[in-house]
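This report concerns only the one structure given below.
Taken together, the values in this text are just the output of simple stated rules run on the coordinates, not laboratory data. Every value quoted in this text rests on a predicted model; they were computed, and no experiment measured them. In this analysis, Cβ positions are derived from the backbone assuming ideal geometry, glycine residues included, and neighbour counts consider all displayed protein chains.
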Ligand code: MRU
């Protein structure tokens, strides 16, 4: 597995270590994130990216938000500061569920703590926030491994798999979601080939997924996004496996733009379409994919390929970062809690049980 995409270093006064994913695969640069403004920028610019990694980064962002407060700061003011930081970081990228889930969980813990302890001090609150962020980090690591173990059975010896964007170690705190399944199958000695969509406009597939799979010794072939259908027609692809950024209660799922088209192509060719995601990516407060906000990204991401401008001046650009794959196009969702074939709201609720934080607290 590649080095950790997000890792807290030190105690309450520590910093958040990130890999600068904009520079991969050319350069491997580590960054030290020391305040929430720097973290906001890192999330916005995709320095740190992938819904689970953004969630973990947001959790540690709340540690950054309270770590430098004056020792004289009252516990209530510290709580206000934490809430403001959560609003601010939450405005960075709207589509992925994990960021909101992680920060809401910490806010709720902090509120309960302040309400229950009349004489709580700032240091105790800071430690509580760090402990909860560490728990979110560790859960993500564990969920990733378990997704891999649950999903590896869907990879048979000798098959071709298509993936889109990057749902690997770089997108999580652990070994990824979609790629975790491939890593576990590879560990078991299965031989298979992974076709990786380059994933315009920012090329997460060509740059990041190919980099991760190659390091793991997995047979990887990069293709342009518009080649997928033809490969399917030729019988080179047996299944599609991608990650997800937010899954609505009915199983509709947001993922990187282009995933929806792949789901239609897969259906047309009778190919299984798997989606791998931890339970922190499910959002049961949202009934269907129509309600998932789709992030619009800057035009220059499409207008330029690297440093080169590829469109005529004055041409309008449209750049939605995600699309929604309807539940009926999904063969199965693979999570750390199990696998749901042909997802429906009932099956999703049954799989997640009452353990969902949202449902336990009644907060959304
Ligand atoms: O814009 P990005 O690079 O953050 O988009 C990432 C994806 O779409 C991933 O597939 C998704 O976050 C799942 S990652 C485990």
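Summary of computed values
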| read-out | value |
| --- | --- |
| Residue that is surrounded by the fewest Cβ atoms within 10 Å (Cβ to Cβ) [pool: residues in the range 337-349 that are in contact with a helix residue (DSSP H, G or I) (Cβ under 8 Å, 6 or more places away or on another chain) and over 14 Å from residue 274 (Cα atoms)] | 344 |
| Residue match in the range 184-199 (condition: part of a loop (DSSP other than H, G, I, E, B), more than 12 Å from the ligand (Cβ to nearest atom) and within 24 Å of residue 27 (Cβ to Cβ)) | yes |
| Out of 88, 60, 137, sole residue that is within 16 Å of the ligand (Cβ to nearest atom), in contact with a helix residue (DSSP H, G or I) (Cβ under 9 Å, 6 or more places away or on another chain) and touching a residue at least 40 places away in the same chain (Cβ under 8 Å) | 137 |
| Residue that is in contact (Cβ under 8 Å) with a residue 40 or more places away in the chain and either surrounded by fewer than 24 Cβ atoms within 10 Å (Cβ to Cβ) or under 29 Å from residue 272 (Cα atoms) (or both), where the choices are 106, 181 | 181 |
| Where residue 116 falls short, out of the listed (1) out of contact with any helix residue (DSSP H, G or I) (no Cβ under 7 Å at 6 or more places or on another chain); (2) free of Cβ contacts under 8 Å to residues at least 60 places away in the same chain; (3) more than 16 Å from the ligand (Cβ to nearest atom); (4) within 27 Å of residue 245 (Cβ to Cβ) | (4) |
| Hits in the range 156-179 - residues which are in a helix (DSSP H, G or I) and near the ligand (Cβ under 9 Å from one of its atoms) | 170, 171, 178, 179 |
| Hey, residue 247 surrounded by 21 or more Cβ atoms within 10 Å (Cβ to Cβ) and either within 16 Å of the ligand (Cβ to nearest atom) or part of a helix (DSSP H, G or I) (or both) or not | yes |
| Pairs, first surrounded by fewer than 20 Cβ atoms within 10 Å (Cβ to Cβ) in the range 204-216, second in a helix (DSSP H, G or I), C-beta under 8 Å, six or more apart | 216/182; 216/183; 216/186 |
